[in-house]
Amino acid sequence: MPRWTPDIGFAAGLVIILVGSVAGVLLLVGGGRFGLGLLTYLVALVVGAWITGAALHAEIESGAPAA
């Protein structure tokens, strides 16, 4: 099983933001569910940003050289 690295965390955060944003907008526009669409969008944005930020912080703290 691969180790959870900052690179994986960064990618996972971005995927969560992308998928959650698309799902939220589809619910908002396509499904007519304004409240659920907005909630989905905001939760994905907050969770994805938190994971991405934590991964970036871990990368900076590790002192690893940039690729």
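The values are calculated or read from the model by the stated rules, or taken from the named source; none is laboratory data. Everything quoted here is computed from the prediction, not taken from an experiment. Neighbour counts are summed over all protein chains in view; Cβ atoms, including those assigned to glycine, are modelled from backbone coordinates with ideal geometry. Accessible surface is based on the protein model in full, side chains and every heavy atom, while ligands, DNA and RNA are left aside. Shrake-Rupley method; radii C 1.70, N 1.55, O 1.52, S 1.80 Å.
Among the protein heavy atoms of the chain, carbon and sulfur supply 76% of the accessible surface, probe 1.4 Å, non-protein parts ignored. Taking θ as phi - 60° and the Karplus parameters 6.51, -1.76 and 1.60, the scalar couplings of segment 26-31 work out to 5, 5, 5, 8, x, x Hz in sequence order, x denoting glycine and proline. Listed options for mean projected area of the Cα convex hull in nm² are [x] 5.4; [y] 4.5; [z] 4.0. The value calculated from this structure is the one marked [x]. Our helix-only sum for the chain, with -39,500 (n - 2.57) per DSSP H run of n ≥ 4 divided by its residues, gives a mean residue ellipticity at 222 nm of -26000 deg cm²/dmol.
When the chain is treated as a GNM, springs tying every alpha-carbon pair under 10 Å, which of 53, 32, 20 comes out with the largest mean-square fluctuation? Among 53, 32, 20, the largest GNM mean-square fluctuation belongs to 32. Surface exposure of the chain, expressed per residue as accessible area with a 1.4 Å probe, stands at 74 Å². Could you give the angle, 0 to 90 degrees to the nearest 10, between helix 6-25's Cα long axis and the longest principal axis of the Cα atoms of the chain? For helix 6-25, the angle is close to 10 degrees. Round to the nearest 0.05 the FRET efficiency obtained for residue 62 and residue 18 when R0 = 25 Å and r is the Cβ-Cβ distance. FRET efficiency, residue 62 to residue 18: 0.50. Counting charges near residue 62 (Lys, Arg +1; Asp, Glu -1) among other residues having Cβ under 14 Å from its Cβ returns a value of -2. The simple Förster model, with R0 at 35 Å and r as the Cβ-Cβ distance, assigns residue 3 and residue 43 a FRET efficiency of 0.80.
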